[in-house]
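Worksheet: one structure, shown below.
Bear in mind that the values in this text are calculations on the coordinates, not laboratory data. Model, not experiment: these values are computed from the prediction. All Cβ positions, even for glycine, are placed from backbone atoms using ideal geometry, and neighbour counts span all protein chains on display.
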Amino acid sequence: MSVAGITETTQYLTFKLADEVFALDISKVREVLDFTSITKVPRTPEFMRGVINLRGNVVPVVDMRLKFGMSKTEKTVNTCIIIVEISLDGDTTVLGALADSVQEVIDLEPNQIEPAPKIGTRLNTEFIRGMGKRDEHFIMILEIDKVFSADELSLVQDAGEAAQTDETDAGT
């Protein structure tokens, strides 16, 4: 969805990665969890930290800092996991996005959102829905469905399913 497609006030959950503030459309967010133990899954991409047990379901957890080329998220009192629903090719995937901290839920009017910057043709910014303006600060509004490629999501899904199978096998 482009900025032109944003025609009404939308609520966003804001969160921090390092010193940058990002936002997700609240309709994509299921819940926010305190940091919990993450089970590492072998042979997964570096940005995939592992899986968690969410009420009996295996949910893959990705480190958003690593995905965006930052240093690995270090656990602090504010570190949390944002449970999001991602749609890709008609399938919905639930995953946890590791963030340094969750800030607040904000309302942004269409006139408070600028188009994502065009940074040449070699840099893919299609995962940025727009730049929200709040006071004197910019907030990067993510198009969470486009942050991960289809290949990356299938790796994450496969790892989650493998962990689910391992857990089921261990229980028998």
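Couple of notes before you dig in:
- For GLU20, GLU152, order by how many other beta-carbon atoms lie within 10 Å, fewest first: GLU20, GLU152
- Listing ASP151, ASP158, ASP145 from fewest to most neighbouring C-beta atoms within 10 Å gives ASP151, ASP158, ASP145.
- Packing order of peptides 102-112, 44-54, highest average first: 44-54, 102-112 (average count of other Cβ atoms within 10 Å over each peptide's residues).
- Over all Cα atoms in region 3-170, the spread is summed up by Rg and Dmax: 16.1, 53 Å.
- When each of LYS16/LYS40; LYS16/LYS133; LYS16/LYS118 is checked by Cα-Cα distance, pairs over 20 Å: LYS16/LYS40; LYS16/LYS118
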